[in-house]
Each structure stands twice: as structure tokens, then as C-alpha cells.
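Q: My structure is below; once you've seen it, I'll send some questions.
The values are calculated or read from the model by the stated rules, or taken from the named source; none is laboratory data. Nothing here was measured: the structure is a model prediction, and the numbers come from that model. All Cβ positions, even for glycine, are placed from backbone atoms using ideal geometry, and neighbour counts span all protein chains on display. Protein only, heavy atoms only, side chains kept; ligands, DNA and RNA dropped before computing areas. Shrake-Rupley method; radii C 1.70, N 1.55, O 1.52, S 1.80 Å.
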Amino acid sequence: MPKVSFISLGCPKNLVDTEVMLGMLCQQGFEITNQQSEAEILVVNTCGFIDAAQQESVDAILEATRWKEEGKCKKLIVAGCLVERFRDEILKEIPQVDAVIGPNQVPQIVALCSQASDGLFAEESPFLYDETTPRVLTTGRHFTYLKVAEGCDHGCTFCVIPQLKGKFRSRRPSSVVSEANQMARQGVKEINLIAQDTTLYGHDLEPRATLSALLRQLNDVDGIEWIRLLYCYPHSTTDELLEAVARLGKVCKYFDIPFQHASAKILKLMKRGGNAEFLLRLVEKVRRCVSDVTLRSTMIVGFPGETEEDFEMLIQFVKQAQLDRLGVFLYSDEDASAAFHLGEKVPRGVARKRRDRLMRLQQKISLQKNHRWIGKRVRAIVDGPSVETELLWQARMQGQAPDIDGHILINDGPENAFRAGEFVTLEINDAHPYDLVGRIVG
Ligand code: SF4
């Protein structure tokens, strides 16, 4: 069977699709390799969300074409969200690409790789894997992502994901719990629940299910020690959910709730609703209900119609909210999005200045908050050698999600504690804007 290698880009939801495609191919006897130069089949699983991600995807595809010229690659397949948007353009503009499959055609990867298909598939039906779908974990053995739903019913005007992924559709609670048990048997200790909007989980199911009920079931899965929520939606972060997160021992006291902006005018233009007062009350309620909670959010600057006054409102909000983690994105003028047709576009240079100013403000806030950990002892999971500094290993505490948040650099500790997936007690002895430094004390 030919050797296959994947290049996986974009968000954790896309990574799960990659892992599912890997699982399906392994099940059919394909050999998987990390060496792209060795692969006879290369698959680039792309992201098509915003311009920067699209560029990264195109660069990766062009890079992969090199292996057709120099390496053993005989077939180059492009998958993922970029295909959903630019299927014909990819095939026309990059003739080295042999086939393309969209996010809803994931199961077709086997037919494509086994030459049994020319890549022209019948109409696609919404795809969502379940506990019977084979999957190969790529995130190390101790943590993983569980996709609890796919698609989105919201209409945020800057976003094209509903067009790429289709209607919101939840997996059955039994399917998610069964997969969590499978993961625990494989040694996974931390599961990160993901969807486009995780808080809407189950509302489309008959009988209806809820995220808090799912958390209660996952909390009973032996072997799993941490359950983290990512991609919550402000308006559906309910009291019931807060109560469940506060009470359930294995659920991380962590909320990732993208706010996107704080100006009522801009939130209205984004079709997200709310205002700074509503968001501040939500922040206050989350902190009141869930002690020692870590709050993460993301903001978009440069949205059409954003004035200096709107931006000042955002700055004031971030000063008041004192969030633990904040990602800031430049508005991306996607021609397939509703916002594309809004007037008053903000010049790119102005948007960049606003992003940099907001990031500087958050860096100060994050450093002040990180300093409060010095001298404290925290429970953390060891991830492995540091990606930045080979000399050190890194770990994460409950308030640090994989990939998107900082980590704790371990500068001392007993030899035998340095094992990925090991839970250790760290004493924090230094702090940086995004990372902490600590030594293993237990
Ligand atoms: S919630 Fe809004 S931003 Fe998120 S995927 Fe849905 S439409 Fe896009």
C-alpha cells in the first residue's frame, strides 16, 4: 500500500478531520509517514476561514507540489475548508493537485488514495464522525480534542463557516461518552470539547440534550482527569452550564468565550448582539459562579464601520474585564461573508495599529496576572520538551489550553517526573507575559 503523509492546517476541528482520515486510511492498510519526502500520497488539509489562513494553505499546497517534483509523491490531494470555497480554482490554478475533497467528503479519502476514484464525487451530505469512526491521534497520547458537533446556525456577518460546514449538528451523548472511554483506554487524560459553538450542544437532538448533562456523563469516565470547554458562545453560556463547570471535579475551571467586540454598534453589525455592559456582567457572573476560573476570549478589530470611538470602547472593556487570555484578529474582508457588503471599510494600516495597541494592553494585563502565581503551587500536566527552548520541558495547568495559551516552562525537578502526560505539582518561580516558569515539587 502506498505511504501517505498529511499536512494539517487550521483549527482543532480540522485536526480531528485529519485524524479521522488517518484512521480510515490505516484501517485500509495504508502506511502513514511524517516524512513528506517519503510519501507517495500527500494530503494537505487546509483552512479557508480568513485571508491569512488561506494564504498559509496555498503556501503549504505549493510547498507540497515540490515533493511531486523532487520526492516520491505521485498524488497530491487537497482537503478541508479552502476546497469548500475554491474547489475549481485550486484544480485550475495548481495543476499539480490531483484531487480535492471538502470537509463533508472526509470518508472519500480512502477511495481517493486507493486510486479507485477520479476525485469527482456525488453530491456531499453533511459529515460528522462518531465513536465507530477510526481515528489516529496526532496530539501526543495524553490530550486530545473531541468534536461534539459540527456546522453552525449563527449568522455572524464576518464568518463564512456556516457556508463551509453546513447546519449545526450534534453527536449523540452516548457517542461522545463512548469515544471518551476509548480515548481513556488509550491513555488520554485531558479531553478538549470542540465545536463551532460548543454551548449549543444537543439543542438539535431528539430527545434534546445539553452540554451540562454531557459534562456530567464525561465526568464519570475513568482515566480522564481534565475536561475543557472551548468555543463557547456568550449568549448561550447559561447558569446551568456555569453550575456544572463549578461543581464537576474533572471539568477545568476554564472558559473560552469569543466576544469579538464590545461596542454595541459593531456587535449589531456583526449580528452577535449584546454590548459591553452585557459582556461585563457575563464576565462577573462566570467569576462569581466558578472560583479560580480562567477566562479566555478573542476580539476582531478593523470591522467595517469601526470608528476610533468604537475601538476606545473595546480598549475600556478589556481594561475593565481583565481577561486572562485574549486573542486579537484583524477583520478579514471575505467576499463570501455578509460583512463584505458593509460600507466604511477600515484601512488595513489603521486596523493593524488597533490590533497592536490592544495586544500591548493585554500583554500588560496578562503579565500582572501571571505574576500572581509566583510562589504558588499548581497541578499541571507535562506536555514534553519545550517547543521554544530545547533545554526545558513544558507543562500546562488547568488554565492553559493546548496550543492557544502559554505554558509552564519547567526549570527543575526529579528525572522521573519528566514524562509526557504525567501530572505534577509545580512551584511557580517566574512569570512572563504569556508563560510561567516553575520547578517540580511533587
Ligand atoms: S458562531 Fe459565528 S463566528 Fe463562530 S462559526 Fe458560527 S458564524 Fe462563525
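Q: How much area per residue is accessible in the chain when the probe is 1.4 Å and only protein heavy atoms are counted (Å²)? Present the calculation step by step, with values, prior to reporting the outcome.
A: Numbers: 18790 Å² over 442 residues.
Per-residue accessible area for the chain comes out at 43 Å².
Q: Once you have the Cα-Cα distance between ILE32 and SER125, take 0.36 nm times their residue separation minus that, and quote the gain in nm to one decimal. If you can, show how the numbers build up before the last one.
A: Details: separation 93, 0.36 × 93 = 33.48 nm, distance 2.71 nm.
Full-extension gain reported as 30.8 nm.
Q: I've got another one for you. What does the charge add up to near VAL346, with Lys and Arg as +1, Asp and Glu as -1, over the other residues with Cβ less than 9 Å from its Cβ?
A: +1
Q: Still on this structure, please answer the following. Nearest 5 percent is fine: what portion of the DSSP beta bridges confined to the range 143-371 is antiparallel?
A: Details: 2 of 22 bridges.
In the range 143-371, DSSP labels about 10 percent of beta bridges as antiparallel.
Q: Next question, about the same structure. Taking the Cα-to-Cβ direction at THR138 and at ASP403 and moving 7 Å from each Cα, how far apart do the two end points lie in nm?
A: If labels sit at THR138 and ASP403, their model points lie 0.9 nm apart.
Q: Hey, got the Cα dimensions of the range 143-371 along the principal axes, in Å, largest first?
A: Extents along the principal axes, in whole Å: 52, 43, 29.
Q: Would you work out what percent of the accessible area of the chain, with all protein chains in place, is carbon or sulfur (probe 1.4 Å)? Numbers along the way, then the final one.
A: Working: 9740 of 18790 Å².
After summing per-atom areas, the C and S share lands at 52 percent.
Q: Also, quick follow-up: Compute the signed sum of charges (Lys and Arg +1, Asp and Glu -1) over the other residues within less than 13 Å, Cβ to Cβ, of ARG281.
A: 0
Q: As a check on your grasp of the helix formula, calculate [θ] at 222 nm for the chain: sum -39500 (n - 2.57) over DSSP H runs of n ≥ 4, divide by the residue count, round to the nearest 500. Could the numbers behind the result be given before it?
A: Working: 12 runs with 147 residues, N = 442.
Rounded to the nearest 500, the figure is -10500 deg cm²/dmol.
Q: How many percent of all Cα-Cα pairs in the chain sit more than 38 Å apart? Walk me through the numbers before you get to the answer.
A: On the way: 23388 of 97461 pairs.
Beyond 38 Å sits 24 percent of the P(r) for the chain.
Q: Using Cα centres only, tell me the gap between the range 5-65 and the range 147-181 in whole Å.
A: Result: 21 Å between the Cα centres.
Q: A follow-up question, please. Considering only DSSP beta bridges where both residues belong to the chain, give the percentage that are antiparallel (nearest 5). If you can, show how the numbers build up before the last one.
A: Working: 20 of 60 bridges.
Given both bridge residues lie in the chain, the antiparallel proportion sits at roughly 35 percent.
Q: Let me ask something else about it. Pull out a ≥ b ≥ c, the square roots of the eigenvalues of the alpha-carbon gyration tensor of the range 380-428, then state rounded if a/c is under 1.5, prolate if not and a/b is larger than b/c, and oblate in the remaining case.
A: Values: a/c = 1.62, a/b = 1.22, b/c = 1.33.
Verdict is oblate for the range 380-428.
Q: Okay, next question. Report the calculated FRET efficiency for ARG247 and GLU284 (r = Cβ-Cβ distance, R0 = 25 Å), to the nearest 0.05.
A: Details: r = 19 Å, r/R0 = 0.78.
Computed FRET efficiency for ARG247 and GLU284: 0.80.
Q: Counting other Cβ atoms within 10 Å, keep those with at most 13, restrict to DSSP loop, and tell me which trypsin sites (Lys or Arg not before Pro) in the range 324-379 are left. Intermediate results must be reported in sequence, preceding the final value.
A: Details: sites: ARG325, LYS345, ARG348, ARG352, LYS353, ARG354, ARG355, ARG357, ARG360, LYS364, LYS369, ARG372, LYS376, ARG377, ARG379; in loops: LYS345, ARG372, LYS376.
The qualifying sites are ARG372, LYS376.
Q: Take the alpha carbon gyration tensor of the range 305-442, find the square roots of its eigenvalues, order them as a ≥ b ≥ c, and report rounded if a/c is under 1.5; if not, report prolate when a/b exceeds b/c, else oblate.
A: Details: a/c = 3.44, a/b = 2.28, b/c = 1.51.
Note, shape of the range 305-442 comes out prolate.
Q: May I pose another question? Quick check: pseudo-label points 7 Å beyond the Cα along Cα→Cβ at HIS154 and ARG439, how many nm apart are they?
A: My value for the distance between the label points is 4.5 nm.
Q: Label the range 1-78 by shape, choosing from rounded, prolate and oblate, from the square roots a ≥ b ≥ c of the eigenvalues of the Cα gyration tensor; if a/c is under 1.5 it is rounded, and otherwise prolate applies when a/b is larger than b/c, oblate when it is not. List each step's numbers first, then the result.
A: On the way: a/c = 2.94, a/b = 1.23, b/c = 2.39.
Here the range 1-78 falls in the oblate category.
Q: Please compute the contact order of the chain in relative form: average sequence separation of alpha-carbon pairs under 8 Å and at least six residues apart, divided by the residue count, as a percent.
A: Details: 881 pairs, mean separation 43.1, N = 442.
Here the relative contact order equals 10 percent.
Q: Taking Cβ-Cβ under 4.7 Å as the only way to count a partner, pick out the unpartnered cysteines of the chain.
A: CYS11, CYS26, CYS47, CYS73, CYS81, CYS113, CYS152, CYS232, CYS252, CYS289
Q: Averaging sequence separations of C-alpha pairs under 8 Å and six or more residues apart, then dividing by the length of the range 3-113, give the relative contact order as a whole percent. Can you show the working numbers first?
A: Working: 195 pairs, mean separation 31.0, N = 111.
Reported as a whole number, the value is 28 percent.
Q: What does the charge add up to near GLN96, with Lys and Arg as +1, Asp and Glu as -1, over the other residues with Cβ less than 13 Å from its Cβ? Don't skip to the answer; put the middle values down first.
A: Numbers: positive: ARG66, LYS68, LYS74, LYS75, LYS92; negative: GLU63, GLU69, GLU70, GLU93, ASP98.
That works out to 0.
Q: Starting from the 7 Å offset along Cα-to-Cβ, what nm value, one decimal, do you get for the label separation of HIS371 and ARG66?
A: With each label point 7 Å from Cα toward Cβ, the separation is 4.5 nm.
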